[in-house]
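For reference, the structure discussed in these notes is given below.
The values are calculated or read from the model by the stated rules, or taken from the named source; none is laboratory data. Quantities reported herein were computed from a predicted structural model and do not represent experimental measurements. Here the Cβ is made from the backbone with ideal geometry for all residues, glycine too, and neighbour counts use every protein chain on show. Keep in mind that these areas ignore ligands, DNA and RNA; they rest on the heavy atoms of the full protein, side chains included. Shrake-Rupley method; radii C 1.70, N 1.55, O 1.52, S 1.80 Å.
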Amino acid sequence: MITFQKDTDRELFASTLVFAKKQIRALIEQHPDFYPMYTMEGRWKHRGESWTHWCDGFLPGMMWIVYAHEHLDKEPMETAAWWRAQAIRYSTPLEPRKLDRTVHDLGFIFISTYARWHGVTPDPSLKAVLVDAGRTMALRFKEKGEYLRSFVAEESLFIDIMMNVGIIFYAALETGDARLMDVAMRHCLTSRRVLVRGDGSSAHEAIFDLETGQCLRQATHQGYRGDSCWSRGLAWALYGFGTAYVYSRDPRFLATAEACADFYIANSPPDGVAPWDFDAPLESRMLLDTSAAAITASGLFQLSGLCVDPVKGAFYADCGRHIMRTLCEKHLGQSPGWEGILKGGVYHIHKNLGVNESVMWGEYFFLEALSWLLRQP
Ligand code: GLY
């Protein structure tokens, strides 16, 4: 169970932002135009396998977050302009991926980049990229079973897709296309039914019968077992159902996000950083996933603004702040030569990819959460 005393830790969060900016700037300068995924012994540039191609939005997304801060902090104009130029330089090459049908990650790629870009510079051509990406994502929909299929197989649904269905909601609302809204809603309802359990824990994957649309079983790729709770999957669920509620205002999605948050809070150690899987066997129980903690913190901050009960909302924000304090105090990549911001992420334990390393989505959601904290009065 997460336990904490209230305090603000503003200095800690502000100095961590300075450190994060230094690490991102070094990455841009040392490996220009490189889009990393995870480190090997703390180094971004290597020949490690990627399994799937889903992370390219996170680095430019961080540049957009920093750019927004440079504005807020009234940094010299040329500093803000430099970050904006980098963000555009790294975002623009992603545009062709709006038609990429090989991955289920177009939300990760475009919400972090074009949506942030459009947020600071409203421009119809940027919005058109987001709408196209939403339309491409919707092509993954399986009428039988009512889900967006994962990249691995037609019969496979991943909890991770809850973080990407937002791009379909966005396209539906921008275009008024009822079919897109219907696809997004049905995907979320199916995910809620077959991937989130009664205790608020989540499964990574569901396998369907393609003939009948029947859900046959829960399974996993990156978690411990089909019936376990992979901690990053739970973080995706918490954040993704909160986002589905933002777009749809369907109270079932808010209730699901809260159930996932309550499971995370009740089953994590007091400092708020959970093991890579909540049901991990003893031999790997000490292995944490800081990326799951960072995603959870940011998801809790979103949820805190959605809760009907303000006391509950404040509690979620306090839990998120406590997780962030732990990450800043214990898990920063401050050892000599370490290139990432946050140590201790886990990408794919069974393939031995990015285990106890910095991972690009951990960096992104950590920075997003930090940015939220520093914007609070
Ligand atoms: N593929 C998404 C994840 O590793 O969480």
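Tabulated data for the structure shown
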| read-out | value |
| --- | --- |
| Conditions (1) under 30 Å from Thr3 (Cβ atoms); (2) within 16 Å of the ligand (Cβ to nearest atom); (3) part of a helix (DSSP H, G or I): number failed by Leu254 | (2) |
| Scope the range 113-132; condition in a helix (DSSP H, G or I) and charged (D, E, K, R); matching residues | Arg116, Lys127, Asp132 |
| Filter pass, Gln376 being of a type in the set (S, T, N, Q), away from the ligand (no atom under 16 Å from the Cβ), open to solvent by 10 Å² or more (accessible area, probe 1.4 Å) and at pLDDT 95 or above | no |
| Single condition Gly354 does not satisfy, out of (1) outside any strand (DSSP E or B); (2) touching a strand residue (DSSP E or B) at 6+ places or on another chain (Cβ under 7 Å) | (1) |
| Entirely in the range 1-112, the helices (runs of 4 or more DSSP H) that have 1 or more residues that are out of contact with any Gly (no Cβ under 9 Å at 6 or more places or on another chain) | 10-30, 58-72, 77-91 |
| Residue identified as closer than 22 Å to Met37 by Cα and either away from the ligand (no atom under 16 Å from the Cβ) or among the aromatic types (Phe, Trp, Tyr) (or both) among Phe366, Phe315 | Phe366 |
| In the range 356-367, the residues that are open to solvent by less than 30 Å² (accessible area, probe 1.4 Å) and of a type outside the set (Phe, Trp, Tyr) | Glu357, Ser358, Val359, Met360, Gly362, Glu363, Leu367 |
| Any hit, the range 210-220, residues being open to solvent by less than 10 Å² (accessible area, probe 1.4 Å), within 16 Å of the ligand (Cβ to nearest atom) and hydroxyl-bearing (Ser, Thr, Tyr) | no |
| Condition broken by Ala255, with the remaining ones in (1) surrounded by fewer than 24 Cβ atoms within 10 Å (Cβ to Cβ); (2) more than 14 Å from Ser191 (Cα to Cα) satisfied | (2) |
| Residues within the range 332-353 that are within 16 Å of the ligand (Cβ to nearest atom), open to solvent by 20 Å² or more (accessible area, probe 1.4 Å) and out of contact with any helix residue (DSSP H, G or I) (no Cβ under 8 Å at 6 or more places or on another chain), tallied | 3 |
| Test: Phe315 is in a helix (DSSP H, G or I), open to solvent by 10 Å² or more (accessible area, probe 1.4 Å) and of a type in the set (Phe, Trp, Tyr) | yes |
